[in-house]
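The values are calculated or read from the model by the stated rules, or taken from the named source; none is laboratory data. Values in this document were obtained by computation on a predicted structure and should not be read as measured data. Note: ideal-geometry Cβ built from the backbone for every residue, glycine included; neighbour counts use all protein chains shown. Note: areas computed on protein heavy atoms with side chains; ligands, DNA, RNA excluded. Shrake-Rupley method; radii C 1.70, N 1.55, O 1.52, S 1.80 Å.
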Amino acid sequence: MVLGKRKNSEPVDPDRLHAEHTTEAIHDRLDTDPKVSYLRDWVYGGIDGAVTTFAIVAGVVGADMGSRVILILGLANLLADGFSMAAGNYSGTKSEVEDYERLRERERAHIRDIPDGERREVREILRRRGFDGDMLEDATDRITAHEERWIDVMMQEEYGLARVMRSPIKAAGHTFAAFVICGSVPLIPFALGLPHPFTWATIATGIVFAAIGAMKSRWSLVPAWRSALETLAIGILAAGVAYVVGLLLDKAV
């Protein structure tokens, strides 16, 4: 069996691709609602959790305070900031859902009050997609014969919004979980009482940054090493700023 390769070096199995494009497989796929991805919530929460917790660690170490202070501030950050981020993500995602529903209702009202104008919009959309003549009129009639299908087309083409929306609760949950899991890493060396805990915290946090970057490359065409280095650079910059601020505050106070 010969395997091809995509641009991001992911192996492609021709037999599997053929099986996925049989009539039955296509029907099953289209009859199932598309999966909602919460990748960005994990990446967002994970990076922020590791950055903010390590920033606290670096700032406290820079100010020459003890491990007890680091653990207290770090744990407080995990719970308070983690919940705050989750709540903010919940509110933001809920606003997106509510705005989507508002626009759907507006389109529904337009179809009810000015159906001819909305039909002209559908016809123009299809014309720009390459339809013309009898085919254009037939496609317009078929779309506008079903209200929900009509609204779906308008939402996609006029507003650029897909019908599948993310759950605010799930988005918040993924953000909080990622924040707590990744944000706990810089505190582990201090909690275990390891020698040179800040050195171990720095190494472990760097690994977390790189791992998050490598993980998110699975959903992009960017090579894993480049994505890992980009995320690691962001973390190093944030940690460096916090450490310098801690040193300056220690000298000033």
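Descriptive notes on the structure:
- Peptide packing for 68-74, 112-118 was compared via the average number of neighbouring C-beta atoms within 10 Å per residue; ordered from the highest value, the list is 68-74, 112-118.
- Expected-Rg normalisation [2.2 N^0.38 Å, Cα atoms] applied to the range 51-102: 1.66
- Cβ-Cβ distance of A80 and R128, R₀ of 45 Å, FRET efficiency by 1/(1 + (r/R0)^6): the value works out to about 0.35.
- Size of the range 146-253: Rg and Dmax of its alpha carbons, in Å, are 21.0, 71.
- Within the accessible area of the range 108-198 (1.4 Å probe), percent carbon and sulfur: 57 percent
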